[in-house]
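Written out below as structure tokens is the structure these notes cover.
The values are calculated or read from the model by the stated rules, or taken from the named source; none is laboratory data. Fair warning: this is a prediction, and the values are worked out from it, not measured in the lab. Cβ: placed from backbone, ideal geometry, glycine included. Neighbour counts: every protein chain shown.
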């Protein structure tokens with residue numbers, strides 16, 4: 001009974017209270033009442049595609065709409081082939097054929113929420129990786145109509161996580177607010193991440209933990225993530241996401257990858 005009590009206290013303090021606080025803070029902010037009222041236009045985050053002939057790959061993320069935006073973000077993939085004057089965007093949505101190509105501008109607001117670049121690769125490295133991204137997107141097993149489930153997955157973040165796992169050379173990790181990123185159909189999984197930097201233990205993606213150089217220490221429960229990142233000193237708080245422990249130092253290199 002003491003063990004059960006300790007586990008209950010841990011869940012309440014680490015997961016439930018932060019999630020409720022995030023819901024309360026989110027409810028006090030102004031948000032679009034429907035998708036029709038939301039801003040889906042380009043945010044101007046990415047450079048104009050035709051300004052640079054080099055290849056590029058980005059993973060972007062933005063808070064999603066409605067009350068679930070207090071706890072979760074939506075992620076997507078953007079690619080630019082060498083010499084191309086336009087971006088290609090791939091994301092998964094919950095209606096129709098779920099995997100969409102260029103359904104929105106590459107760096108569009110998502111339900112009026114500003115996106116951020118999660119990770120990016122440019123130049124020859126991106127050019128080498130784009131065929132692997134193409135193959136992973138084509139082989140995604142839940143691309144059929146009806147292949148979307150908001151929770152625990154497969155959803156938009158499950159799709160991007162699948163592609164990143166299939167292309168470990170890209171690097172990067174989805175943010176801790178990307179609910180569904182740890183979706184793992186079946187009873188359970190234990191093993192190294194495809195890039196060998198993390199050890200993952202999960203029970204169907206519903207609960208588990210990750211420990212390693214890329215992710216730090218994370219505890220997962222129902223899609224919520226709590227943990228600490230040692231590589232980039234910060235806390236990962238359910239609902240709030242990554243909270244830096246020290247002031248960030250801006251980079252002076254425009255080509256440096258973001259992680």
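Would you point out which residue out of 74, 31 is over 20 Å from the mean Cα position of the chain (by Cα) and surrounded by 17 or more Cβ atoms within 10 Å (Cβ to Cβ)? Walk me through it before giving the result.
Values: 74 fails: over 20 Å from the mean Cα position of the chain (by Cα).
Only one candidate qualifies: 31.
Restricting to the range 7-36, name every residue that is part of a loop (DSSP other than H, G, I, E, B) and touching a residue at least 40 places away in the same chain (Cβ under 8 Å). Even if it seems obvious, please write down each step before you answer.
As a first pass, look at the range 7-36 and keep what is part of a loop (DSSP other than H, G, I, E, B): 28-36.
The answer is 31, 32, 35.
Taking only pairs six or more apart or across chains, which ones have beta-carbon atoms under 9 Å, a first residue in the range 50-78 that is at pLDDT below 95, and a second residue that is in a strand (DSSP E or B) and surrounded by 24 or more Cβ atoms within 10 Å (Cβ to Cβ)?
That search, which allows pairs on different chains as well, returns 52/80; 65/74; 65/110.
Any residue at all in the range 200-217 that is in contact with a helix residue (DSSP H, G or I) (Cβ under 8 Å, 6 or more places away or on another chain), crowded, with 21+ Cβ neighbours inside 10 Å and in a loop (DSSP other than H, G, I, E, B)?
Here is the first cut: in the range 200-217, the residues in contact with a helix residue (DSSP H, G or I) (Cβ under 8 Å, 6 or more places away or on another chain) are none.
Within the range 200-217, none of the residues are in contact with a helix residue (DSSP H, G or I) (Cβ under 8 Å, 6 or more places away or on another chain), crowded, with 21+ Cβ neighbours inside 10 Å and in a loop (DSSP other than H, G, I, E, B).
With assigned to a loop (DSSP other than H, G, I, E, B), under 17 Å from the mean Cα position of the chain (by Cα), under 27 Å from residue 31 (Cα atoms) and at pLDDT 95 or above as the only criterion, which of 90, 104, 148 stands out? Give the derivation first.
Details: 90 fails: assigned to a loop (DSSP other than H, G, I, E, B); 104 fails: under 17 Å from the mean Cα position of the chain (by Cα).
Just one listed residue meets the conditions, 148.
Go through the range 223-244 and count every residue that is buried (at least 16 other Cβ atoms within 10 Å of the Cβ) and not in a strand (DSSP E or B).
4
Can you spot a residue in the range 160-171 that is on the phi > 0 side of the Ramachandran plot and either exposed (fewer than 15 other Cβ atoms within 10 Å of the Cβ) or modelled with pLDDT under 95 (or both)?
There is at least one residue in the range 160-171 that is on the phi > 0 side of the Ramachandran plot and either exposed (fewer than 15 other Cβ atoms within 10 Å of the Cβ) or modelled with pLDDT under 95 (or both).
Being assigned to a loop (DSSP other than H, G, I, E, B), surrounded by 14 or more Cβ atoms within 10 Å (Cβ to Cβ), in contact (Cβ under 8 Å) with a residue 24 or more places away in the chain and touching a helix residue (DSSP H, G or I) at 6+ places or on another chain (Cβ under 8 Å) is the requirement here; does residue 136 meet it? Show your work before the answer.
On the way: assigned to a loop (DSSP other than H, G, I, E, B): no; surrounded by 14 or more Cβ atoms within 10 Å (Cβ to Cβ): yes; in contact (Cβ under 8 Å) with a residue 24 or more places away in the chain: yes; touching a helix residue (DSSP H, G or I) at 6+ places or on another chain (Cβ under 8 Å): yes.
Spelling it out, it is not the case that residue 136 is assigned to a loop (DSSP other than H, G, I, E, B), surrounded by 14 or more Cβ atoms within 10 Å (Cβ to Cβ), in contact (Cβ under 8 Å) with a residue 24 or more places away in the chain and touching a helix residue (DSSP H, G or I) at 6+ places or on another chain (Cβ under 8 Å).
Using the structure shown, decide if residue 178 is within 19 Å of residue 68 (Cα to Cα), in contact with a helix residue (DSSP H, G or I) (Cβ under 9 Å, 6 or more places away or on another chain) and assigned to a loop (DSSP other than H, G, I, E, B).
Details: within 19 Å of residue 68 (Cα to Cα): yes; in contact with a helix residue (DSSP H, G or I) (Cβ under 9 Å, 6 or more places away or on another chain): yes; assigned to a loop (DSSP other than H, G, I, E, B): yes.
Against the criterion (within 19 Å of residue 68 (Cα to Cα), in contact with a helix residue (DSSP H, G or I) (Cβ under 9 Å, 6 or more places away or on another chain) and assigned to a loop (DSSP other than H, G, I, E, B)), residue 178 qualifies.
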